[in-house]
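Asker: If you scroll down you'll find the structure; I have some questions about it.
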Amino acid sequence: MLLTSDTPTAPSIWISALRKFYGDTEILKGIDLKVPVGTYLCLLGPSGCGKTTLLRCIAGLEHPSRGRLDLQGRTMFHETMPVPVPAEKRGLGMVFQHYALWPHLKVFDNIAFPMRQKRASSGEIETRVSDLADLIGLRPLLDRFPGQLSGGQQQRVALARALCIEPSILLLDEPLSNLDSGLRNQLRRELRNIHDRLGMTSVMVTHDQDEAMALADMIAVLHEGAVVQYGSPAEVLFEPATRYVASFVGYDNMLEGIVTDLAAGRTTLDLDGTRVTMQSSGRFAIGERLAIALKSRDVSLTSAPRGNHIATTVGRVTRLGSSLEIEIRAADQPLLVTQSADAAPAPKAGEHLFLQLPDTAPLLR
Ligand SMILES: Nc1ncnc2c1ncn2[C@@H]1O[C@H](COP(=O)(O)OP(=O)(O)OP(=O)(O)O)[C@@H](O)[C@H]1O
């Protein structure tokens, strides 16, 4: 199919059947993504799933082996193109985990560097750097050298440098991972504010699901070089597409059952003799084996159950700081429940209780 992306409504980033090989190894296995203008997209996945390779293909620092990539309605790579558009002609801003500032240049000159390469006038440079210094809180630091800055300040300089060419797309590769958690939260908020104020499309690589949930409009979850889910944070969190996505976003229990009944928006499962009816719009079949995805902190143990519940026996109870980690068996399967150590009464090993199930827990094949 020929993509006709040269229209005002063209996606900011349009990736189609993109594949990347290193030797015989296929690292990206047919990526399709359409990213609307102004989206904050997070590429989320564990180490080695191909996030950085995909970002580098968008940047033009790597060339894909097959497929097509359009940015802002212009084709950057197509498998039939003799030469892909080089990185410096893509009009992108890039921020990496390692700040890569010039140590011998002052902050002002580090930020101005890409504009000088583009032979901008000194008046333009003065105005742009000054505006960015105000936006990113760097004004008092413009006369310092990078060696005189903290990690957070250096990362701000790297961000200002990436923004000074006014990119329509900003690429960020784990830009916060070298920072301590307080600073990370602060810079995370600033990144989102700057993104909103400048109206760019941003693509950020992260392996931190909380970071992705907090920042993104859209999340692409990668697994072994493929996008296994592309959706809003709420979709990824509450309607994970696969068991892999579910476990990646924190569903640490899978309770297996067999579908016995289907009604509009409801699925009944048999769990080793106990029936539970879950709210689910999934298209399942009677007799199919499914997992109810549960987070150990979202399930509870009770002696007075209501709605969906299942009999359990309490196993080992371990105190971890202010919470209790309770191992249980339910429907002949091992599960974990986490609750506050202050919640009374604390379950005891050998006690017979009921596991209360949220009706809305995702059902997964
Ligand atoms: N230049 C290269 N040559 C050969 N294999 C490579 C090259 N670059 C990356 N790979 C392999 O490609 C796979 C994906 O790497 P990539 O860096 O994209 O993953 P990632 O999801 O960004 O991981 P991380 O979070 O650890 O950076 C890995 O198995 C890696 O070893």
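Asker: With a Förster radius of 35 Å, plug the Cβ-Cβ distance of Arg144 and Ser47 into 1/(1 + (r/R0)^6) and report the FRET value to the nearest 0.05.
Answerer: 0.55
Asker: Another one. Quick one: go through region 336-362 and flag any residue whose amide nitrogen is under 20 Å from the point 7 Å out along the Cα-to-Cβ line of Arg289.
Answerer: So the set is 336, 362.
Asker: Using only Cα atoms and rounding to the nearest 10 degrees, what angle (0 to 90) does helix 107-117 make with the longest principal axis of the chain?
Answerer: Here the helix axis deviates by roughly 70 degrees.
Asker: Another question about this same structure. Springs between alpha-carbon pairs under 10 angstrom, Gaussian network model over the chain: which of Thr80, Thr268, Thr242 fluctuates most?
Answerer: Thr80
Asker: A further question follows. Which aspartates and glutamates, if any, have their Cα less than 18 Å from the Cα of Lys89, not counting same-chain residues under 8 positions apart?
Answerer: Within reach: Asp6, Glu62, Asp70, Glu166.
Asker: Something else: Where does region 176-228 land on the Kirkwood hydrodynamic radius, alpha-carbon pairs, in angstrom?
Answerer: 12.2 Å
Asker: Out of every Cα pair in region 251-364, what percent are spaced more than 16 Å from each other?
Answerer: Working: 3694 of 6441 pairs.
So the pairs more than 16 Å apart make up 57 percent of the total in region 251-364.
Asker: Sticking with this one: Calculate the FRET efficiency for Ser323 and Ala264 from the Cβ-Cβ distance with a Förster distance of 35 Å, rounded to the nearest 0.05. Spell out each step's value before the answer.
Answerer: Numbers: r = 38 Å, r/R0 = 1.09.
Efficiency, from the Cβ-Cβ distance: 0.35.
Asker: While we're here: How much mean residue ellipticity at 222 nm does the chain get from its helices, if each DSSP H run of length 4 or more adds -39500 (n - 2.57) and you divide by all residues, to the nearest 500 deg cm²/dmol?
Answerer: Computed ellipticity for the chain at 222 nm equals -7000 deg cm²/dmol.
Asker: Against the longest alpha carbon principal axis of the chain, how many degrees, from 0 to 90 and to the nearest 10, is the axis of helix 151-163 turned?
Answerer: Orientation of helix 151-163: about 60 degrees from the principal axis.
Asker: Given the Cα-Cα distance of Ala341 and Asp298 and 0.36 nm per residue of separation, how much length would full extension add, in nm? The partial results should precede the final answer.
Answerer: On the way: separation 43, 0.36 × 43 = 15.48 nm, distance 1.48 nm.
Length gained, Ala341 through Asp298: 14.0 nm.
Asker: Can you tell which of Ser281, Ser121, Ser16 shows the greatest fluctuation in a Gaussian network model of the chain with Cα springs below 10 Å?
Answerer: Ser121
Asker: Sticking with this one: Using Cβ counts within 10 Å as a stand-in for footprinting exposure, how do Leu159, Leu336 rank, fewest first? Walk me through the intermediate numbers first.
Answerer: Details: Leu159 25, Leu336 16.
Arranged by neighbour count, lowest to highest, Leu159, Leu336 become Leu336, Leu159.
Asker: Setting aside same-chain residues fewer than 8 positions from Lys29, which lysines have a Cα under 24 Å from its Cα?
Answerer: Lys20, Lys51
Asker: Expressed in nm to one decimal, what extension gain is obtained for the pair Thr277 and Arg116 from 0.36 nm per residue of sequence separation less their Cα-Cα distance? Spell out each step's value before the answer.
Answerer: Working: separation 161, 0.36 × 161 = 57.96 nm, distance 6.43 nm.
Taking 0.36 nm per residue and subtracting the Cα distance, the gain is 51.5 nm.
Asker: I would also like to ask the following. If the only charges are +1 at each Lys and Arg Cβ and -1 at each Asp and Glu Cβ, what is the size of the charge dipole of region 13-244 around the Cα centre, to the nearest 20 debye?
Answerer: Details: 26 positive and 26 negative charges, 102 e Å.
Magnitude of the dipole: close to 480 debye.
Asker: Shifting gears a bit: Enumerate the lysines that Lys348 could reach by cross-link, defined here as Cα to Cα under 23 Å, with residues fewer than 8 away along the same chain left out.
Answerer: Within the straight-line limit of under 23 Å, Lys348 reaches these lysines: Lys295.
Asker: Still on this structure, I have one more. When averaged across all projection directions, what area in nm² does the alpha-carbon convex hull of region 104-218 cover?
Answerer: 7.2 nm²
Asker: Please say if region 1-128 is rounded, prolate or oblate, where rounded means a/c under 1.5 for a ≥ b ≥ c the square roots of the C-alpha gyration tensor eigenvalues, and otherwise the choice is prolate for a/b larger than b/c and oblate otherwise?
Answerer: Note, shape of region 1-128 comes out prolate.
Asker: According to the Kirkwood expression over distinct Cα-Cα pairs, how big is the hydrodynamic radius of region 13-244, in Å?
Answerer: 18.3 Å
Asker: Helix 181-198 sits at what angle to the longest principal axis of the chain, using alpha carbons and giving 0 to 90 degrees rounded to 10?
Answerer: 60 degrees
Asker: Then there is this: May I ask you to evaluate 6.51 cos²θ - 1.76 cosθ + 1.60, the Karplus curve with θ = phi - 60°, for each residue of region 164-174 and list the ³J(HN,Hα) values in order in whole Hz, giving x for glycine and proline?
Answerer: Computed from phi, the couplings for region 164-174 are 5, 8, 6, x, 7, 10, 10, 10, 10, 10, 6 Hz.
Asker: Of all beta bridges DSSP finds with both residues in the chain, what is the antiparallel percent, to the nearest 5? Mind showing how you got there, number by number?
Answerer: Working: 64 of 82 bridges.
If we restrict to bridges inside the chain, about 80 percent are antiparallel.
Taken together, the values in this text are just the output of simple stated rules run on the coordinates, not laboratory data. Note that the coordinates shown come from a computational prediction; the quantities given were computed from them, not determined experimentally. Backbone-built Cβ (ideal geometry, glycine too); neighbour counts: all protein chains shown.
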